1. Select from the range 107-158 the residues that are under 25 Å from residue 42 (Cα atoms), hydroxyl-bearing (Ser, Thr, Tyr), open to solvent by 50 Å² or more (accessible area, probe 1.4 Å) and assigned to a helix (DSSP H, G or I) and list them in ascending order.
2. Tell me which of these residue 113 doesn't satisfy, since it passes every other one: (1) under 10 Å from the mean Cα position of the chain (by Cα); (2) under 20 Å from residue 78 (Cβ atoms); (3) aliphatic (A, V, I, L, M).
3. Could you list, in sequence order, all residues of the range 1-50 that are more than 19 Å from residue 107 (Cβ to Cβ) and part of a strand (DSSP E or B)?
Amino acid sequence: TTRSLRLDEVLCVCLRRILEVMALPAGVIHLIDRSGQYIELAAAEGVEPGKRATLLTLRVGEGCAGRAANTQQAAVNCQDADLPLGGNSHLAIPIRFKERLLGVLTLSLSQPLSEEDLKLLQDIAGQLAVAVENATLYATVQRHLDQLQRTQIQLFQAERLSALGRLTSGVAHE
């Protein structure tokens, strides 16, 4: 488990645990961009650093992960030569929260998955969606709190200046 609510940390820890528990060699998590046309790399494990560049941004609908994002259905046993994860095939599972696509979990498979393992990974993707949503909401609340604190400081300073102005005006009249 992770005690952090920073999205990047949550995703890295979750991906590491998934690979560990399922004994898989590599995996990536992409999150959907604001336009909904691309998925962007958010976490990667087991991927050679020189090959990460090919994973940074993928178009929805293209490749294993892009197809899973487009159809919002798991893409099982994909043969995606453009995906540098190794393994015999790949599995891409959409990460959805309340019917809204948040991203895609793509895993390298060295052997076929059982139906039970596929179901488990789909359930994990559902929990991952909750973690992504919580971390995103937390970040939004933090931004609003920071903005509120800055506004309060500005208001306090303005009030002090106003009080100083009144005091100065009162002294000038006497």
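The values are calculated or read from the model by the stated rules, or taken from the named source; none is laboratory data. Just so we're clear, the structure is a prediction, and the values are computed from it rather than from any experiment. Here the Cβ is made from the backbone with ideal geometry for all residues, glycine too, and neighbour counts use every protein chain on show. Note: areas computed on protein heavy atoms with side chains; ligands, DNA, RNA excluded. Shrake-Rupley method; radii C 1.70, N 1.55, O 1.52, S 1.80 Å.
1. Matches in the range 107-158: 136, 138.
2. Unmet condition: (1).
3. Passing the criteria: only 38.
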